[in-house]
Amino acid sequence: ECPTKYSILRCLVMPETGGDTLWADMCAAYDGLSDPLKTMIHGLTATHDFKPFRALYGDSDQDREKLRNMEQLYPNPTHPMVRTNPESGRKALFVNPHFTISLEDMTAEESKPVLDVLYAAATKHENIYRHKWRVGDVLMWDNRAAMHYACYDYDDTMPRKLHRTTAGGDVPV
């Protein structure tokens, strides 16, 4: 219900190659949309799910019970697709291909074309910052205005270790 506000990563160990993290500027992505598309998505809400983490649960009876408990503790929230940062007043897209499953009251199939357009806007090269980590680097970002992705483009025999902390957030508006 209250997505995290800020996140901080500190690099402890990094492979010789790969392991970068990318951030998408969701305010710039929103700003780049056409006025008709902005009008269409204002007021719409999207349903989110912790789907990337479902893979952590196995198929045993015990794991299925743990998953059911997680689903009861954390039901799928809905959030505005466009949220306004309370400090800056800037509008940002608030959708993510890893967590957004559909537009509210629409099927996943009906939602897909709209979400695909928004994801494409977010991932334009000019909206992306790519960070090549060095041991000791510390980066902080505003989750209300950014989407991030860790590149898993390194060999498992070469460790990548970062410490992460997050600050609680508020209900998106």
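Could you tell me which residue of the range 150-173 is modelled with the highest pLDDT, considering only residues that are β-branched (Val, Ile, Thr) and outside any loop (DSSP other than H, G, I, E, B)?
THR165
Scan the range 94-107 and report the pairs whose first residue is touching a residue at least 12 places away in the same chain (Cβ under 8 Å) and whose second residue is basic (Lys, Arg), with Cβ atoms within less than 7 Å and a gap of 6+ or a chain change.
Note: pairs meeting the criteria are PHE94/ARG83; PHE99/LYS51; ILE101/LYS51.
So which residues in the range 138-160 are loosely packed, with under 12 Cβ neighbours inside 10 Å and either over 30 Å from LYS38 (Cα atoms) or in contact with a Pro (Cβ under 7 Å, 6 or more places away or on another chain) (or both)?
The answer is VAL138, TYR152, ASP153, ASP155, ASP156, THR157.
Condition first: touching a residue at least 40 places away in the same chain (Cβ under 8 Å), within 13 Å of ALA28 (Cβ to Cβ) and either outside any strand (DSSP E or B) or touching a Lys or Arg at 6+ places or on another chain (Cβ under 8 Å) (or both). Now tell me which residues in the range 121-132 satisfy that.
Correct list: ALA121, ALA122, THR123, LYS124, GLU126, ASN127.
I'm trying to understand the selection: among the residues of the range 15-50, which are loosely packed, with under 13 Cβ neighbours inside 10 Å and touching a residue at least 24 places away in the same chain (Cβ under 8 Å)?
Answer for the range 15-50, where residues must be loosely packed, with under 13 Cβ neighbours inside 10 Å and touching a residue at least 24 places away in the same chain (Cβ under 8 Å): GLU16, THR17, HIS42, GLY43.
Quick one: VAL135 ticks every box in (1) of a type outside the set (D, E, K, R); (2) touching a residue at least 12 places away in the same chain (Cβ under 8 Å); (3) in a helix (DSSP H, G or I); (4) open to solvent by 30 Å² or more (accessible area, probe 1.4 Å) except a single one, so which number is it?
Result: VAL135 fails condition (3) only.
Any residue at all in the range 66-89 that's in contact with a Cys (Cβ under 8 Å, 6 or more places away or on another chain), among the basic types (Lys, Arg) and in contact (Cβ under 8 Å) with a residue 24 or more places away in the chain?
No, because not a single residue in the range 66-89 is in contact with a Cys (Cβ under 8 Å, 6 or more places away or on another chain), among the basic types (Lys, Arg) and in contact (Cβ under 8 Å) with a residue 24 or more places away in the chain.
Is it the case that the range 91-111 has a residue that's open to solvent by 20 Å² or more (accessible area, probe 1.4 Å), in contact with a helix residue (DSSP H, G or I) (Cβ under 8 Å, 6 or more places away or on another chain) and among the β-branched types (Val, Ile, Thr)?
So far as the range 91-111 goes, yes, one or more of its residues are open to solvent by 20 Å² or more (accessible area, probe 1.4 Å), in contact with a helix residue (DSSP H, G or I) (Cβ under 8 Å, 6 or more places away or on another chain) and among the β-branched types (Val, Ile, Thr).
The values are calculated or read from the model by the stated rules, or taken from the named source; none is laboratory data. Everything quoted here is computed from the prediction, not taken from an experiment. All Cβ positions, even for glycine, are placed from backbone atoms using ideal geometry, and neighbour counts span all protein chains on display. All accessible areas refer to the heavy atoms of the entire protein, side chains included, with ligands and DNA or RNA removed. Shrake-Rupley method; radii C 1.70, N 1.55, O 1.52, S 1.80 Å.
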